[in-house]
Amino acid sequence: RLFDLDPDLLPLFQYNCKQFASPQECLSTPEFLDHIRKVMLVIDAAVNNLENLSCLEEYLCNLGKKHQAVGVKVESFSTVGESLLYMLEKCLGTAFSPDVQEAWSKLYGAVVEAMRRGWETLPEGD
């Protein structure tokens, strides 16, 4: 779904200096699957620390810095969030109520805001 929403994100996923000709080629690599697992670990950590997301602040800020360093734009995270909500809707079916959607949107938004602070802490010119 991610590459359907924004095909321009594909070049950000280069492994071993290899650029992918298609989303399908990227999606089938072990490196991309590992990246997805890492994304889900971040989501899992946020869910497990829902009552105290501030304990993840430093980690998420650093994660934001790492994403900025490889050329990810903060705006791209809205596309990732839309893809996450799409996946949840497909997996949960009728259980994906408006309240559930709102809760996931808020959680994801909090994670992205903490990552965004990583962008803001870099000195200008970096």
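The values are calculated or read from the model by the stated rules, or taken from the named source; none is laboratory data. These numbers were taken from a predicted model, which means no experiment stands behind them. Heads up, the Cβs are rebuilt from the backbone with ideal geometry, glycines too, and the neighbour counts pull from every protein chain shown. Accessible surface areas use protein heavy atoms only, side chains included; no ligands, DNA or RNA. Shrake-Rupley method; radii C 1.70, N 1.55, O 1.52, S 1.80 Å.
Name the residue farthest towards the positive end of the dipole of the chain from the options Leu10, Asn62, Leu33, assuming +1 on Cβ of Lys and Arg, -1 on Cβ of Asp and Glu, about the Cα centre.
Farthest along the dipole direction, towards plus: Leu33.
Could you work out the relative contact order of segment 1-120? I mean the mean sequence separation of Cα pairs under 8 Å and 6+ apart, divided by the number of residues, in percent.
32
For the chain, what is the mean residue ellipticity at 222 nm derived from helices alone (per DSSP H run of n ≥ 4: -39500 (n - 2.57); sum divided by total residues; nearest 500 deg cm²/dmol)?
-20500 deg cm²/dmol, from helical runs alone.
Heavy-atom accessible area per residue, the chain, 1.4 Å probe: how many Å²?
With all protein chains present, the chain gives 65 Å² per residue.
Enumerate the calculated ³J(HN,Hα) couplings along segment 68-82 in order (Karplus 6.51 cos²θ - 1.76 cosθ + 1.60, θ = phi - 60°), each rounded to whole Hz, writing x wherever the residue is Gly or Pro.
4, 4, 9, x, 6, 8, 3, 4, 5, 5, 5, 5, 4, x, 4
Give the total of Lys-Lys pairs in the chain with Cα-Cα distances below 24 Å; include a pair only if its members are 8 or more places apart or on different chains.
Count of close lysine pairs: 14.
Along the Cα-to-Cβ line of Glu89, 7 Å from the Cα, sits a label point; which residues in segment 5-26 have backbone N less than 17 Å from it?
Flagged as within label range: 5-6.
Report in % the part of the accessible area of the chain that belongs to carbon and sulfur, leaving out ligands and nucleic acids; probe 1.4 Å.
55
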